[in-house]
Amino acid sequence: MLPVFPKARAAMQKVSGDEMFAGMWGVCPLLKQIRVRPQTEGREASYQREDGKVVEMQYNLRRVERGVKVEDAKGLSPEEFLEFYSNAGRELGNMMMADLLKGVGDAAEEVGNVIGLEGKGLSFEKYLEMTAKIYTEFDDYGCPRPKSVVLPPEMLQKFQNDIREWAADPMKRAAIEEVMQRHRKKFNEIEAGRRMV
C-alpha cells in the first residue's frame, strides 16, 4: 500500500475546491456577488420588507455528488482531474441560478414588478417601464448605482446595441433621465428621513 502524503492531499483538496467554485461562479458571475450570512443557530430565519411584511427564508438544499474509483482515476491528466470538479461546480451553479431566478421572479410577481413583453423583445417603452419599476440607489455624487441584468447570451448582444442606440438619441436619453430624476428625488427623501439610532 502506498503511503499517504498529507501535504499533497491538502493541496489537491484546495485545488479541487477552488476549481469547483470557479465552475460554479462561471455559470453566472452574479453568484459570486451574493453575500453570505452564516446562520449558526436554529433552522429558521426571516427578514422584514420595506412594506413591513415579515418573510420567512426558504432554504433549499442543493447537492451534487460525484465519485470516481481509484482504478478509473489512474492516468488522469491534471486537466481531466480539474475538469471533473469544474463540471460539478457548473452543475451546482446551474441549480443555484435556477433557484435565484425563481425567487426573484416570485418576488416580482408578488409586488407587481413584472413587465410583459408578449414575445416581442424589449422595446424602449418597455425598458423605460422596467427602469421606472426598479428601485434605484445613488452614490454620494448623485449617480445611480449600477444594476445587474441577467439575460440569455442571444438577447445580450441585442440589448447592448439597443442601449447604445437609445443613449445616442437625445429624446430617449431625456426620457431615461426624467425617470432617474424621479428615482433620485425618492431616494433623497428616504435618506433625509433616516434617523440615527
>> Over the chain, with a Gaussian network built from C-alpha contacts below 10 Å, which listed residue (E50, E91, E137) shows the highest mean-square fluctuation?
In response: E50
> Does anything in region 141-172 have its amide N under 11 Å from the 7 Å Cα→Cβ label point of V104, and if so which residues?
Replying inline: 147-152
>> For the chain, set up a GNM with springs between Cα atoms under 10 Å and report which of R66, R173, R35 has the largest fluctuation.
In response: R35
> Mind checking which lysines have their C-alpha under 23 Å from K53, skipping anything on the same chain fewer than 8 residues away?
Replying inline: K102, K133, K186
> In degrees between 0 and 90, to the nearest 10, how far off the longest principal axis of the chain does helix 153-168 point, with axes built from Cα atoms?
Replying inline: 30
>> Taking the beta-carbon count within 10 Å as an exposure proxy, list Y135, Y141 from fewest neighbours to most.
In response: Y141, Y135
>> Applying a 10 Å radius around every beta-carbon, put 114-124, 94-104 in order of their mean neighbour count, most first.
In response: 94-104, 114-124
>> With the crude spin-label approximation of a point 7 Å out along Cα→Cβ, what separation in nm comes out for N113 versus M97?
In response: 2.1
> What net charge do the residues around Q13 carry, taking every other residue with its C-beta under 15 Å from that of Q13, with Lys and Arg at +1 and Asp and Glu at -1?
Replying inline: +2
> For region 124-192, max minus min Cα coordinate along each principal axis, in Å, sorted largest first?
Replying inline: 42, 26, 20
>> Just to verify a number: FRET efficiency for S123 and A192, C-beta to C-beta distance, R0 = 45 Å, to 0.05?
In response: 0.80
>> So if I take the alpha carbon set of region 56-170, get Rg, then get Rh from the Kirkwood formula, what is the Rg over Rh ratio?
In response: 1.13
>> For a Förster distance of 45 Å, can you work out the FRET efficiency between the beta-carbons of R43 and N161, rounded to the nearest 0.05?
In response: 0.40
> How much net charge surrounds L76 when only the other residues with a Cβ under 15 Å from the Cβ of L76 are counted, with Lys and Arg +1 and Asp and Glu -1?
Replying inline: -3
>> Using the crude model of +1 on Lys and Arg Cβ and -1 on Asp and Glu Cβ, and no other charge, please compute the dipole size for the chain relative to its Cα centre, in debye to 20.
In response: 460
> Just how large is the dipole of region 124-192 about the Cα centre, in debye to the nearest 20, putting +1 at every Lys and Arg Cβ and -1 at every Asp and Glu Cβ?
Replying inline: 80
> Using a Förster distance of 45 Å, how high is the FRET efficiency between E50 and M12, based on the Cβ-Cβ distance and rounded to 0.05?
Replying inline: 0.45
> Using the alpha carbon gyration tensor of the chain, what are the three equivalent-ellipsoid semi-axes (square root of 5 times each eigenvalue), largest first, in whole Å?
Replying inline: 43, 24, 17
> So what's the angle, to the nearest 10 degrees on a 0 to 90 scale, between helix 78-111 and the longest Cα principal axis of the chain?
Replying inline: 30
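Values in this text are rule-based calculations from the coordinates and carry no lab data. A quick note: this is a predicted structure, and the numbers were derived from the prediction, not measured. We place every Cβ from the backbone using ideal geometry, glycine too, and count neighbours over all the protein chains shown.
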